[in-house]
1. Which residues, counting only those in region 104-129, are open to solvent by less than 40 Å² (accessible area, probe 1.4 Å) and of a type in the set (D, E, K, R)?
2. Name the one entry in GLU133, GLU139 that is over 26 Å from LEU338 (Cβ atoms), within 16 Å of the ligand (Cβ to nearest atom) and either among the acidic types (Asp, Glu) or open to solvent by 70 Å² or more (accessible area, probe 1.4 Å) (or both).
3. Please specify each residue of region 142-171 satisfying the condition of being surrounded by 13 or more Cβ atoms within 10 Å (Cβ to Cβ) and over 16 Å from GLY202 (Cα atoms).
4. Over 30 Å from LYS341 (Cβ atoms), open to solvent by 40 Å² or more (accessible area, probe 1.4 Å) and among the β-branched types (Val, Ile, Thr): which single residue out of THR261, THR233 fits that description?
5. Among the residues of region 337-351, write down those that are touching a residue at least 12 places away in the same chain (Cβ under 8 Å) and open to solvent by 70 Å² or more (accessible area, probe 1.4 Å).
6. Would you please list the contacts, defined by Cβ atoms under 7 Å and residues six or more apart or on different chains, that run from a residue in region 6-18 that is over 13 Å from ILE87 (Cα atoms) to a residue that is more than 7 Å from the ligand (Cβ to nearest atom) and open to solvent by 60 Å² or more (accessible area, probe 1.4 Å)?
7. Of the conditions (1) of a type outside the set (S, T, N, Q); (2) without any contact (Cβ under 8 Å) to a residue 40 or more places away in the chain; (3) at positive phi, GLU218 satisfies every one except a single condition; which number is it?
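The values are calculated or read from the model by the stated rules, or taken from the named source; none is laboratory data. The structure presented is a predicted model; accordingly, all values stated were derived computationally and were not measured. Neighbour counts run over all protein chains shown; Cβ positions are idealised from the backbone, glycine included. With ligands, DNA and RNA removed, areas are computed over all heavy atoms of the protein, side chains included. Shrake-Rupley method; radii C 1.70, N 1.55, O 1.52, S 1.80 Å.
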Amino acid sequence: MGKALDGVRILDFTHVQSGPTCTQLLAWFGADVIKVERAGAGDITREQLRDIPDVDSLYFTMLNHNKRSVTIDTKNPEGKLVLEALIQKCDVLVENFAPGALDRMGFTWERIQELNPRMIVASVKGFGPGPYEDCKVYENVAQCAGGAASTTGFDDGPPVVSGAQIGDSGTGLHLALGIVTALYQRTMTGRGQRVLAAMQDGVLNLCRVKLRDQQRLERTGTMKEYPQYPNGTFGEAVPRAGNASGGGQPGWILKCKGWETDPNAYIYFITQAPVWTKICNVIGKEEWATDPDYATPAARLPHLKDIFAEIERWTMTKTKFEAMEILNKYDIPCGPILSMKEIAEEPSLRKTGTIVEVDHPTRGKYLTVGNPIKLSDSPTEVTRSPLLGEHTDEVMAELGYSVEQISALRMAGAI
Ligand code: COA
């Protein structure tokens with residue numbers, strides 16, 4: 001079966017996490033992704049957080065599947081010519097260098113357009129135009145500047161960053177969407193364009209509900225589904241809401257059987273309005289279904305703490321999986337707090353290709369997260385990440401370089 005992006009060539013000038021997640025997705029959809037790295041060093045993540053000496057780290061391998069690796073010194077004049085040949089041959093250049101790095105290398109937007117007017121140049125930067133546009137940015141900086149940290153955690157504690165890499169992988173996803181959209185527009189205009197995904201913008205996009213709440217707070221001075229209501233106080237900005245649900249159906253994380261020793265023996269429980277009577281029956285508080293203080297969503301809001309405490313008395317008598325089984329029978333929305341160990345071992349995730357085992361020549365077998373987006377006519381087959389420069393000769397030959405020319409360029413340190 002063919003792939004959705006068959007025939008699309010990506011010049012992958014990305015490193016670390018945000019850019020590589022984007023190009024990995026494009027590779028999974030069938031694009032030919034040619035990753036350009038510096039000879040002898042490569043993407044810095046190859047050697048970061050290593051668990052096996054001298055072997056590409058899991059950090060690198062898990063972000064660079066299905067790609068080819070070529071080494072080019074793009075500051076060497078002859079290396080620049082090789083990069084120019086690649087620009088002429090590819091459809092998209094993706095980069096996430098620090099601001100200005102590509103220009104300093106001599107590859108401005110104008111120069112790239114001269115070489116290939118159809119080329120799409122896609123960039124991740126920490127910030128869009130403005131006071132911080134020249135800053136280097138990593139994941140947690142973006143989470144802090146995009147509104148995630150100030151709204152995550154508990155009211156009596158400091159801001160907290162999430163384990164979900166919304167700044168890096170989240171922005172990579174945004175960029176991938178921008179790239180396929182620009183490719184689609186190019187089919188009509190014949191022209192390339194620039195695509196920018198700023199990490200602050202990407203995080204803020206994912207924190208949209210908190211900007212909603214900021215405006216609600218300014219208008220009404222309170223937010224009744226937040227744990228600060230009714231006894232706490234609200235300030236000028238959206239406070240941290242602990243584990244309160246971000247939507248209109250109140251939820252909280254509750255202890256389950258075994259919580260004293262198992263840090264993940266918890267369940268997320270949502271008191272969805274349509275199943276309120278069923279919730280009351282399950283936890284043995286049948287009278288709450290008709291009690292005017294509890295019968296309607298509005299009446300329940302001032303009592304949410306007590307309600308969750310009562311539900312927790314019930315969940316603490318069950319393991320999270322037993323509770324799930326009972327609650328799902330009644331369509332009560334809930335979710336177990338799954339550890340990474342439980343997720344890694346979950347057979348259904350292996351079956352769908354969401355968790356994949358990959359074999360690597362120097363590392364051996366390891367687990368990775370497969371393509372979370374499933375296309376029925378373009379299934380993903382995850383193949384291992386490339387070794388540094390593994391495809392240099394192959395790609396150079398495709399560009400028309402002879403064996404002699406390749407070895408001369410290697411001698412000159414250009415590749
Ligand atoms: N040949 C020659 N030089 C190369 C090269 C190659 N193949 N590949 C990269 N370089 C050079 C660049 O041109 C740059 O040189 P310059 O500073 O002299 O212009 C240099 O390598 C380093 O690039 P830089 O991006 O500054 O790397 P860094 O390690 O100092 O910073 C980040 C890393 C992530 C902080 C920075 O790249 C950044 O802010 N990127 C944008 C935001 C982002 O994506 N952040 C998330 C990362 S997960």
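1. Result: LYS125, single match.
2. GLU133
3. Selection gives THR152, GLY153, PHE154, ASP155, PRO159, VAL160.
4. Just a single option satisfies the conditions, and that option is THR233.
5. Hit for region 337-351 is LEU338, nothing else.
6. Short answer, once both residue conditions are applied: GLN17/GLN165.
7. Result: GLU218 fails condition (3) only.
Conditions (1) under 18 Å from THR317 (Cβ atoms); (2) free of Cβ contacts under 8 Å to residues at least 24 places away in the same chain, marked per residue:
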position	(1), (2)
TYR266	yes, no
VAL275	no, no
GLY284	yes, no
GLU287	no, yes
ASP291	no, yes
THR296	no, yes
